[in-house]
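*Asks:* The structure under discussion is supplied below as structure tokens; questions concerning it will follow.
The values are calculated or read from the model by the stated rules, or taken from the named source; none is laboratory data. Because the structure is a prediction, the values reported are computed rather than measured. Using ideal geometry, Cβ is built from the backbone for each residue, glycine included, and neighbour counts are taken over all protein chains shown.
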Amino acid sequence: MRLSGGTIAMIIGIVILVIFIVQNGETVRFHFLAWYFDWALWLYTIVTAAFGALVLFGVGALRRYRSGRAREGEGPGRADS
């Protein structure tokens with residue numbers, strides 16, 4: 001079984017993320033607008049990685065949707081004036 005370049009990059013990224021999480025167990029304080037809260041750095045890393053993956057997935061879905069809508073107008077049955 002062959003792995004694609006994207007799959008290999010994803011595996012490497014996950015391994016690097018896990019190594020970073022294991023090495024950074026301390027608690028950090030965040031200041032956001034009027035709120036202050038403490039989080040474990042590993043938890044913050046997971047949350048930001050998940051949010052980034054969600055945004056990337058959403059952008060990909062949006063691109064597929066737009067390209068599908070653009071192809072709808074290119075069909076052979078469509079007559080232009």
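*Asks:* Please name all residue pairs, on different chains or six or more residues apart, with Cβ atoms under 9 Å, provided the first residue is in region 9-25 and is free of Cβ contacts under 8 Å to residues at least 40 places away in the same chain and in a helix (DSSP H, G or I) and the second residue is of a type in the set (A, V, I, L, M, F, W, C) and loosely packed, with under 11 Cβ neighbours inside 10 Å.
*Replies:* Once the first residue is free of Cβ contacts under 8 Å to residues at least 40 places away in the same chain and in a helix (DSSP H, G or I) and sits in region 9-25, its partners that are of a type in the set (A, V, I, L, M, F, W, C) and loosely packed, with under 11 Cβ neighbours inside 10 Å give I11/L3.
*Asks:* Quick one: A70 ticks every box in (1) touching a helix residue (DSSP H, G or I) at 6+ places or on another chain (Cβ under 9 Å); (2) modelled with pLDDT under 85; (3) aliphatic (A, V, I, L, M) bar one, so which box is it?
*Replies:* Among (1) touching a helix residue (DSSP H, G or I) at 6+ places or on another chain (Cβ under 9 Å); (2) modelled with pLDDT under 85; (3) aliphatic (A, V, I, L, M), A70 violates only (1).
*Asks:* Could I ask something else about it? Could you list all residues from region 21-43 that are surrounded by 10 or more Cβ atoms within 10 Å (Cβ to Cβ), in contact with a strand residue (DSSP E or B) (Cβ under 7 Å, 6 or more places away or on another chain) and among the aromatic types (F, W, Y)?
*Replies:* F30, W39
*Asks:* When the residues of region 36-67 are filtered to those that are among the polar types (S, T, N, Q) and at pLDDT 80 or above, which remaining residue is farthest from V22 (Cα to Cα)?
*Replies:* The residue in question is T48.
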